[in-house]
1. Please tell me if VAL430 is open to solvent by 10 Å² or more (accessible area, probe 1.4 Å) and at pLDDT below 95.
2. Of the residues that make up the range 393-409, is at least one among the hydrophobic types (A, V, I, L, M, F, W, C), closer than 30 Å to THR185 by Cβ and open to solvent by 10 Å² or more (accessible area, probe 1.4 Å)?
3. Going by what's in this entry, would GLU306 be described as open to solvent by 10 Å² or more (accessible area, probe 1.4 Å), more than 23 Å from ALA433 (Cα to Cα) and in contact with a strand residue (DSSP E or B) (Cβ under 6 Å, 6 or more places away or on another chain)?
4. Please go through the range 410-427 and give me each residue that is of a type in the set (D, E, K, R) and either without any contact (Cβ under 8 Å) to a residue 60 or more places away in the chain or open to solvent by 10 Å² or more (accessible area, probe 1.4 Å) (or both), ordered by number.
5. For the range 416-435, name all the residues that are of a type outside the set (A, V, I, L, M) and outside any helix (DSSP H, G or I).
6. Looking only at the range 191-218, count every residue that is under 23 Å from the mean Cα position of the chain (by Cα) and either acidic (Asp, Glu) or not in a loop (DSSP other than H, G, I, E, B) (or both) and tell me the total.
7. Restricting to the range 108-122, name every residue that is part of a loop (DSSP other than H, G, I, E, B) and either open to solvent by less than 30 Å² (accessible area, probe 1.4 Å) or closer than 20 Å to GLY152 by Cβ (or both).
8. Pick out the one residue from PHE349, PHE423 that is over 23 Å from ALA322 (Cα atoms), at pLDDT 95 or above and among the aromatic types (Phe, Trp, Tyr).
Amino acid sequence: MRAHRTPRRAAALALGTALVSLLATSPAGAGTSGLPVVTATSESAALYDDEAGGNSDADDPAIWRNAADPGRSLVVATAKEGGLKVYDLGARLVQSLSAPKPPAEDDAPGRFNNVDLVSGLRTSAGRADVAVVTDRGNDRLRIYRIDPSRPGGPLTDVTDPAAAPVFSADQSEINDQRTAYGLATWTDKATGRTYALVSQRERTRLALLELVPAAGGKVGYRKVRTLDLPSSFRLPDGTSWSACAEPGELPQVEGMVVDPATGTLYAGQEDIGIWRLRADLKGKPALVDRTKEFGVPGVYDEATEECVPGADPGYGGERLSADVEGLTLLQKRGGDGYLLASSQGDNTFALYGRKGNAYEGGFRVGAASETLDSVEECDGAAILNAPLGKRYPRGLLVVQDGQETPEVPDGEGGTRTATGFKFVDLGAVVDAAGL
């Protein structure tokens, strides 16, 4: 989630900015400026989060591989109130789907937050590749069938009209927006059943939802179980610590990914770190890594809607600067590969071994030119380690860019909030990071 979108994120950004300055002169912060730099090969057209731009705000991408013609693969990406965008491998817009209108004038509008894909999902109309999306505005999942031969665009909405809210009891609770947020899909190899793991906005709760076929080729879901991650932590000095936030809010999860080989879920609790747990939400979660800000006390200032950080007791990690955002896997044969995490607070990406989760390095996405700029405040990320035609023979990395340039005036003395998606040659990442 972009740092300036809510008071809570503004608070986290203020805390993170102060800590980045502190850590830049300390051993824990050393090395981030020396990370290798890669550049994007192309980018989507800027999305603008204003009325003229349809309140479009780039967030999370997923990469669909066209097995029949890999060079015609697609990137499916969320744009909040701007709905769903579909791009070709040249980052050109192929299709745009609107988010649902609000049920009533004073209700929250549809708002697409995260997206993930399922290959060969069982439906009443046969097997299908689908994109699953969290509609944060309506607290529901939306499911789209992918068919590149379909006239008018490859995606078709196949959501069961009877699909119920994920976390809310009624429209009043939906309007409070403690709703479906982060997302990862998972197919259990033992049973063949397919699930969506969904996090709740401003809470620590995760829900396991089974995707189920409905009449007419539609797809619905049913809740299997939930799990709450911690919101407070016992520090080595015996004190208890909670991340500073706006009153009433808890440290939420957004970025998530499941390792299909092991059924392991990785969940990024934005202010805390990366959790590893079973995708069926059974068993005990374990922290893979902590943010640099972990354990740092903060006091929320209602006047400025920011946190005032205290002294760093030194219990945080060395690699991740809050927020922890997009998580994705670079999969290799035999279970090898890497977990990638967006370290939003310092505009870097961290890489952890898929086996054992040891830190293996990181990188930045720098500017290729004045117009093809660097990546800042990255939310979502997606990797596909497979040949994608002549353009990406070694695979593709797509990342959200939270500060798209060049800046465009808003007509009122400021600039329009612009975001987008950067397409990066995965081979360049592998070479630069020495993977």
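The values are calculated or read from the model by the stated rules, or taken from the named source; none is laboratory data. Nothing here was measured: the structure is a model prediction, and the numbers come from that model. FYI the Cβ positions are ideal-geometry reconstructions off the backbone, even for glycines, and counts take in every protein chain you see. Quick note on the areas: whole protein, heavy atoms, side chains included, nothing else; ligands and nucleic acids left out. Shrake-Rupley method; radii C 1.70, N 1.55, O 1.52, S 1.80 Å.
1. no
2. No: the range 393-409 contains no residue that is among the hydrophobic types (A, V, I, L, M, F, W, C), closer than 30 Å to THR185 by Cβ and open to solvent by 10 Å² or more (accessible area, probe 1.4 Å).
3. No.
4. ASP410, GLU412, ARG416, ASP425
5. ARG416, THR417, THR419, GLY420, PHE421, LYS422, PHE423, ASP425, GLY434
6. Residues that pass the stated criteria total 15.
7. Of everything in the range 108-122, those that are part of a loop (DSSP other than H, G, I, E, B) and either open to solvent by less than 30 Å² (accessible area, probe 1.4 Å) or closer than 20 Å to GLY152 by Cβ (or both) turn out to be ALA108, GLY110, ARG111.
8. After applying the criteria, what remains is PHE423.
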